[in-house]
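Here the structure is laid out as structure tokens; the discussion comes afterwards.
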Amino acid sequence: MKPLPLILCLSVLLMACSKNGESPEPEPVPEPEPEPVFVDYTLMTYNVGAFRKYEADLGHLSYPEVASIITSVDADICGMNETDWLYSRTYSDKQAQKLAGILGSDWESHFIQAYRTDYGNSMVWKKKLNIIYKFPRVVIPRTGEGETRSMGAIEFEDFVFCTTHLDHKSNEDRLTGVKLITDWAAKEFGNESKPVFLAGDLNCEKGSDPINELQKNWKQLSVDAKSYPSDNPRKSIDYIFVYANDQAERVSVVDGGVITKEDNPTIAVASDHCPVWVKIKIQK
């Protein structure tokens, strides 16, 4: 009897090993987990005092000084309190727009009125953030001796940035502001896939009722360092928070601090507040 050819032997063997004449299915190879992708941003909050607190000493409004401070930490966005818009006391400047022009052609600006159409909060940011939507302001009403305040918010490609300035006289109004801002964040971004940051001069320190209320739903990112007044800081009243929804877990702090006159002598004449900043990573 002649031996079967090799190819025929292999065919017979494969048929014998398979069920119902079908080839065995290969074991699936698991796909490797993708590497996480992170993006870095530096956020800043700064009460700039309408750029006029030390005009007499400087001989001009402090636009160049504030611009140099923002660029000193390579901030991508800065929320500003006490800014004017066509207000006669500051030469009818559009202050946020003017500052953005000094920062460079790759910067944009937005003004949010408070109790007056010519006074309120502002933001400046690098165009690379890719703006999605500017929200209507959240009005924080006056209930007593204080004044009407506001919060402004912009949605960007990777995050939402909000800036506010709570009342300096009324604790009741500060509490009202915290609750209105938190309700807004829950309604607009409670289940969305973006972190929401809140920055501003809150006019109260840790342990106060408004901060305790805020910390129920927001996580503080900024350091606990004194930011007011700029010539000799004694109070911590400027903060940066992230809304504590599921997206907050994608945010980690890399660096941050309060810039004082010991870090940069310009601080003492740029405004009566020191700026607060954080560098963060967001996992995409």
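Readers should treat all values here as calculations from the given coordinates under stated rules, not as data from a laboratory. Just so it is clear, the structure is predicted and the values come from calculations on it, not from any experiment.
Over region 113-156, Cα pairs under 8 Å with separation of 6+ residues give a relative contact order of 44 percent.
In sequence order, region 219-233 has phi-based couplings of 10, 6, 9, 6, 6, 8, 10, 6, 10, 8, x, 5, 6, 7, x Hz under the Karplus curve 6.51 cos²θ - 1.76 cosθ + 1.60, θ = phi - 60°, and Gly or Pro positions carry x.
Note on Lys281: lysines with a C-alpha under 20 Å away, same-chain residues under 8 apart excluded, are Lys126, Lys127, Lys128, Lys194, Lys219.
When Rg and Dmax of the Cα atoms in Å is calculated for this entry, the matching label among (1) 27.5, 115; (2) 18.1, 55; (3) 19.0, 64 is (1).
Size of region 120-237 from its Cα atoms: along the principal axes, largest to smallest, the extents are 36, 32, 26 Å. Per residue of the chain, the DSSP helices (runs of n ≥ 4 H) give a summed -39500 (n - 2.57) that works out to -6500 deg cm²/dmol at 222 nm.
Using Cα pairs under 8 angstrom and six or more residues apart, how large is the relative contact order of region 38-283, in percent? Normalised by residue count, the contact order of region 38-283 is 22 percent.
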